[in-house]
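Values quoted throughout were computed directly from the atomic coordinates according to the rules given, and no laboratory measurement underlies them. Predicted model only: the values in this text are computed from it and were never measured. Virtual Cβ from ideal backbone geometry, glycine too; neighbours counted across all protein chains shown.
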There are 2 protein chains.
Amino acid sequence: MTLPTQYGVTLPDWVADEVAGADLSTDEAKMALVNRLARRNFMEKTGGPFAALVVSGGELISAGVNLVLASGLSSSHAEVVALSLAQTAVGSWDLGANGAKRELIVNWRPCVQCYGATMWSGVTRLVVAGDGPELEQLTKFDEGPMVADWAAQFEARGISVTQNVLREEALDVYRAYGSFVESGDVTVYNARDSGPIEK
Amino acid sequence: MTLPTQYGVTLPDWVADEVAGADLSTDEAKMALVNRLARRNFMEKTGGPFAALVVSGGELISAGVNLVLASGLSSSHAEVVALSLAQTAVGSWDLGANGAKRELIVNWRPCVQCYGATMWSGVTRLVVAGDGPELEQLTKFDEGPMVADWAAQFEARGISVTQNVLREEALDVYRAYGSFVESGDVTVYNARDSGPIEK
C-alpha cells in the first residue's frame, strides 16, 4: 500500500469575518472574541465550542477554532490550530524566538494534549477564561489527566498564567453547547464516545 | 494584516524507503523499525530522535517521525504526525471507529502533549520502548509534567499499554543523539532552550 505523506488543516472562511476589526485592547476584549468564535464554531458544526488566539502587543497573529470534525484530525483542537497557524505566519516552531512575547488566549484551561502543545510553542503568556470541572460537566468532553500544579508548571517554564477572564461568559457557551448535545444536534468527538472519566 | 488560514506537514521522502518491506510481525519487529526511523530522523536533521507507527493487524497504516524542525510546527512530534497521517488515510478523526483496532508504536512514553494526542486518537493499544528519566537525561528534551498513573489512565479509557519493548536499543538512539547535541551538530528544539525542568 502507499503510505500517507501529508496532512493539513484549513481554517473556515467565517473566522476571518468574525475577527475583522475586533477589539484586542484588553484581556476581556480578547476573551470576548474567543467566546464569540467558540460559540459560532459549534453552530457551524466545524468542531467543539473552543477557540484560541495568538496575540502580540495587541496585534492578532492567528485565530484558531476546534476543527476536529472539519479536518478529521483529532489533534486539531483550537490551541493547536492557533499555535500552528501562528508558527506558520512567523516561520518558526518557536513563538518566543529572539525574545518575542506572544500570548495564547483560550476559553478554558487546555486539555492535556494542548497543555503540552502550549508548553512547547514558545508563547510567554497564557490567558484562560477558567479552570475546573464545569467544562466537562456541561459539555461531556474528557479533558484528560492533568497534574494538580499545572499553572505553576507553566510559570516554571517562563509562561505566565492569567485565569478567570470572562469565566461566566465562557460557561454560557458551554451551556449552550450542552443543550445542543442533549438535543442530538452535534457530535461530541471523544473517541469511542466514552465521555469524561473519573480522574 | 491577513491572518494565516492553513498549515500542514509533509513526511520526508526517505521515510518511505526506510519502511519498504519492513517486518511488522511482532512488537519487537515494529519497534526495530521505529528505532531505525528515529535514528535516521536526527541524522537527516528533520527533527528529534523520535518515530511512531500506526499499525493494524500487522498492516502499516502510517509512519511518522518528529518533524518540528522540518515543518516549523512545535506540535509535529512523531506521535502527532503518525496519528494525523493515519486519520487522513482512514478518513476519520477516530481511529477506533466501527470497532477498529489500531495501535501506536513509539520509542518512549509520549511527552505530555502526545499523551493527550494518543488518548484522543482512537487507538486501542500503545506500545512503548520504555518510560523513565533516561530520555530527558540523554537528550536534554523536556517531556513535561505527567500524572504518575499515566498508563492506568490509558487503560481506563480502553487503551492497553505494552512497555519495555527494545528498551536498550531505544536508549542507544538517545545516546547517539546526545553525542550529536554535545558536538553542537543538532538543534534541541525546546522553546527558549530551557531543557528539562525539575518536576
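Overview of results
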| read-out | value |
| --- | --- |
| Per-residue average of Cβ from other chains inside 10 Å of B:93-105 | 2 |
| Residue order, fewest to most surrounding Cβ atoms within 10 angstrom, among A:F154, B:F141 | A:F154, B:F141 |
| FRET efficiency estimate (nearest 0.05) - Cβ-Cβ, A:S183 to B:R175, R0 45 angstrom | 0.20 |
| 19 Å cut-off, amide nitrogen to a point 7 angstrom out along A:T26 Cα→Cβ, residues in the stretch A:55-82 | A:55-60 |
| In chain B, lysine pairs closer than 24 Å at Cα, eight or more apart or cross-chain | 4 |
| Mean separation of Cα contacts under 8 Å, 6 or more apart, over the residue count of the stretch B:98-176: relative contact order % | 37 percent |
| Net charge dipole size for chain B [Lys, Arg +1 and Asp, Glu -1 on Cβ; Debye, nearest 20] | 360 debye |
| Proximal charge balance of A:L166 [Cβ under 10 Å; K/R count +1, D/E count -1] | -3 |
| Total formal charge among the other residues, if their Cβ is under 11 angstrom from that of B:N107, Lys/Arg +1 and Asp/Glu -1 | +2 |
| Label spacing, shortest first and in nm, from B:E59 to its equivalents in the remaining copies (7 angstrom along Cα→Cβ) | 5.0 |
| Relative contact order of the stretch A:133-182, pairs being alpha-carbon contacts under 8 Å that are 6 or more residues apart, as % | 54 percent |
| Calculated from backbone phi, Karplus (6.51, -1.76, 1.60) coupling profile of the stretch B:166-183 in Hz, x at Gly/Pro | 6, 4, 5, 5, 5, 5, 4, 5, 5, 5, 5, 5, x, 5, 4, 4, 4, 7 |
| Distance cut-off 33 Å, percentage of C-alpha pairs in the protein assembly as shown lying past it | 25 percent |
| Per-residue mean of C-beta atoms belonging to partner chains within 10 Å, peptide B:76-88 | 5 |
| A from B by rotation - nearest chain B beta carbon to the axis, in Å | B:G8, 1 |
| Spin-label pair B:W14/B:A97, simplified geometry with 7 Å Cα→Cβ offset, distance in nm | 3.4 nm |
| Other copies of A:G99: label-to-label distances in nm, shortest first, labels 7 Å along the beta-carbon direction | 6.2 |
| Copy-to-copy label separations for B:R175, where each label sits 7 Å from Cα toward Cβ, in nm and ascending | 6.0 |
| Dipole axis of the stretch A:5-158 (+1 Lys, Arg; -1 Asp, Glu on Cβ), positive-most option in A:P145, A:A52, A:L67 | A:L67 |
| About the Cα centre, charge dipole magnitude for the protein assembly as shown (Lys/Arg +1, Asp/Glu -1 at Cβ), debye | 260 debye |
| Viscosity 1.002 mPa s, temperature 20 °C, Stokes-Einstein D of the stretch A:1-152 from Kirkwood C-alpha radius, µm²/s | 136 µm²/s |
| Most fluctuating residue given options A:E143, A:E169, A:E44, as computed from a GNM of chain A linking Cα atoms under 10 Å | A:E44 |
| For the stretch B:18-82, the fraction of alpha-carbon pairs in successive 5 Å shells from zero, as % | 4, 20, 30, 24, 14, 7, 2 |
| Relative contact order, percent, the stretch A:1-118 [alpha-carbon distance under 8 Å, six or more residues apart] | 23 percent |
| Residues whose placed amide H lies under 5 Å from that of B:T5, excluding near-sequence neighbours | none |
